[in-house]
1. Bin by bin, in steps of 5 Å, what percent of the Cα pairs in chain A do you find, going until the bin that has the longest distance?
2. So if R0 is 41 Å, what FRET efficiency would A:S275 and A:S61 give, r being the distance between their Cβ atoms, rounded to the nearest 0.05?
3. Show that you can apply the helix-only estimate: for chain B, add -39,500 (n - 2.57) for every DSSP H stretch of four or more residues, divide by all residues, and state [θ] at 222 nm to the nearest 500.
4. Amide H to amide H, which residues 5 or more places from A:S101 or on other chains are under 5 Å from it, using H placed in the peptide plane?
5. How far is helix B:135-144 tilted, in degrees, relative to the longest principal axis of the Cα atoms in chain B, given as a value from 0 to 90 rounded to the nearest 10?
6. What spacing in nm lies between the two simple spin-label points modelled at A:E125 and B:E215, each 7 Å away from Cα in the Cβ direction?
7. Count the DSSP beta bridges whose two residues both fall in the protein assembly as shown, then state the antiparallel fraction as a percent rounded to the nearest 5.
8. Mind checking the stretch A:1-65 for chymotrypsin sites (Phe, Trp or Tyr not before Pro) that DSSP puts in a loop (not H, G, I, E or B) and that have at most 15 other Cβ atoms within 10 Å?
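FYI, it's all coordinate maths here, none of it is from the lab. Every value quoted in this text rests on a predicted model; they were computed, and no experiment measured them. Glycine also receives a Cβ, built like all others from the backbone with ideal geometry; neighbour counts cover every protein chain displayed.
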Amino acid sequence: MNTTPILKAEDLYFSYDNENSHSLNGFSLEILRGKKVAFMGANGSGKSTFFLCCNGIHRPSRGTLYYCGEPYDYSRKGLLKLRSKVGIIFQDPDNQLFSASVYQEISFGILNLGVSVEEARQEVEQVIEKLEITPFRHKPTHALSGGQKKQVSIADILVMHPDIIILDEPAAALDPKHTVMVNKIVNQLTKDGITVLMSTHDVNYALEWADEIVLLHKGQVLMHGSPLDVFTDKEALAQTNLEQPAVLQLFESLCKKGILDSSLPLPRNLQTLESYIENM
Amino acid sequence: MITIDMLCYYSRLRYANAMEKFTYSVLTLLFCVVSRSLAMALLVLAVNGILTVRKGGIPFYRYWRYMMIPLAFLIISTLAVIVNISRTPLDAFAFQIGNYYLTGSYASLYKGVQMILTALASVSCLYFLSFNTPMTDILSVLKKIHCPDLLVELMLLIYRYIFLLLDISFSISTSQDSRLGNRNLKTSMKSFGAMASVLLIRAMAKSGALYDSMEARCYDGRLKVLDEQHPPKSKEIFWIVIFEGLLLIFTIWSKLK
Ligand SMILES: Nc1ncnc2c1ncn2[C@@H]1O[C@H](COP(=O)(O)OP(=O)(O)O)[C@@H](O)[C@H]1O
Ligand SMILES: [Mg+2]
């Protein structure tokens with residue numbers, strides 16, 4: 001088992017305004033290959049900034065990032081290599097889709113990897129099929145719904161087969177149907193062994209989905225641990241303005257009232273809690 | 001322009017090979033302009049009308065309305081050719097105004113009508129292309145005929161941005177309306193100024209974000225994209241060759257005459 005973290009951040013500092021204020025303020029983190037990591041924290045806590053650093057779009061003014069144990073190489077060649085491994089799906093698809101044609105849009109990334117046109121065509125077709133884009137593949141991107149744009153923006157990255165996929169608030173501005181769809185796609189990614197970093201405000205989803213939670217506060221990692229550890233730490237939650245997931249709240253109150261046995265392992269989703277109640 | 005954009009995505013000729021459509025409309029346009037023949041203009045108008053409305057499935061009233069736009073403009077501008085002010089009446093028509101006549105000759109009348117129809121026929125060629133071909137397909141044709149890459153890439157981005165910025169400006173003006181921003185001329189002007197400045201700032205921010213996202217996908221200065229392939233059909237090529245051949249013969253004949 002390879003224990004080198006796939007991604008490691010060491011004491012990062014990053015500022016948008018010439019060091020007057022720091023969006024990343026001594027940010028350190030290690031992420032192991034194949035993990036599902038949820039990034040949580042208030043707006044402006046530095047999630048998107050960190051993601052842009054991971055992809056080499058921003059270069060931290062201090063501190064070092066490592067990919068598979070190698071420090072980031074910010075030369076043109078180094079960046080291209082890094083970006084073929086670390087893909088990022090932006091929060092607003094309108095900031096990501098540059099072409100009016102879905103097909104052109106999706107083919108862009110894979111062509112940049114230098115594969116042959118034939119192979120690129122195959123890959124594009126596969127990802128269109130896989131992400132259920134076929135019904136609207138011939139529409140112009142400006143005529144797509146928000147959810148469809150999201151699907152295309154995910155396809156943009158998937159077609160490049162990166163090792164790490166970063167999703168910046170993928171569920172923002174999506175209807176429930178598309179949220180479910182995005183979640184399904186994300187689950188498929190982790191099954192394929194891709195490391196997924198996702199920022200989200202949905203504590204219930206994070207509790208059920210994530211292997212690890214990173215709580216961000218003012219450009220620093222406030223807490224990094226398993227979902228149950230993080231979501232039972234009320235102090236940390238209060239500091240980042242997060243609610244405890246509903247399942248945990250309910251479990252706790254049922255235990256307090258003596259209805260459930262508090263020695264049961266903490267439930268991570270409604271089904272588990274339901275089975276506890278059924279087996280009483 | 002936005003309606004045209006919407007229509008071309010529903011056209012039944014949309015998936016015909018773009019190069020075919022491009023070649024057809026450019027050649028036909030050329031022959032129209034070179035020959036300046038009345039008969040040819042009528043023929044081209046009829047063929048383009050049938051192709052766009054019957055084959056392409058563009059609603060007739062839409063097509064008609066779009067044809068009317070240049071017509072009004074053409075009639076006004078050819079009036080100068082047709083109508084003369086002179087002391088002596090000419091053969092076609094003459095209205096007396098005091099000592100002068102508002103008058104025109106058959107020759108100039110013929111010339112005026114010929115000009116109008118030639119111009120309309122040429123416009124119909126361009127309409128045929130734009131009603132039946134999405135912009136991205138036209139751009140890929142431009143790339144194939146070796147238009148400079150920089151130009152084509154710019155057009156691709158601009159085309160996408162037109163809609164992004166339109167969206168933003170619509171939502172801003174709606175929000176201004178909802179706060180009585182357009183109550184009178186003064187507030188309207190103020191609102192418009194505010195919108196323009198916000199739009200500029202947003203456009204800058206958007207282009208920065210877009211560039212980041214392209215960089216994140218290994219953008220290296222060349223905008224490489226693939227287009228969907230709709231191979232040309234031999235039957236269509238056959239008819240285009242026949243039609244353009246006819247026009248060519250007709251053009252040569254009308255010049256020799
Ligand atoms: N393009 C930018 N220019 C200036 N400041 C920015 C920019 N993007 C983000 N910031 C600032 O950096 C901080 C972190 O923002 P961000 O990483 O976007 O947070 P999050 O994604 O967690 O909401 C915020 O204080 C924000 O105001
Ligand atoms: Mg953000």
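1. With a bin width of 5 Å, the distribution comes to 1, 5, 12, 15, 17, 15, 13, 10, 6, 3, 2, 1, 0, 0.
2. Efficiency, rounded to the nearest 0.05: 0.20.
3. -24500 deg cm²/dmol
4. For A:S101, the qualifying residues are A:T141.
5. Value to nearest ten degrees: 80.
6. Rounded to a tenth, the inter-label distance reads 3.6 nm.
7. Within the protein assembly as shown, antiparallel bridges account for around 60 percent of the total.
8. A:Y16
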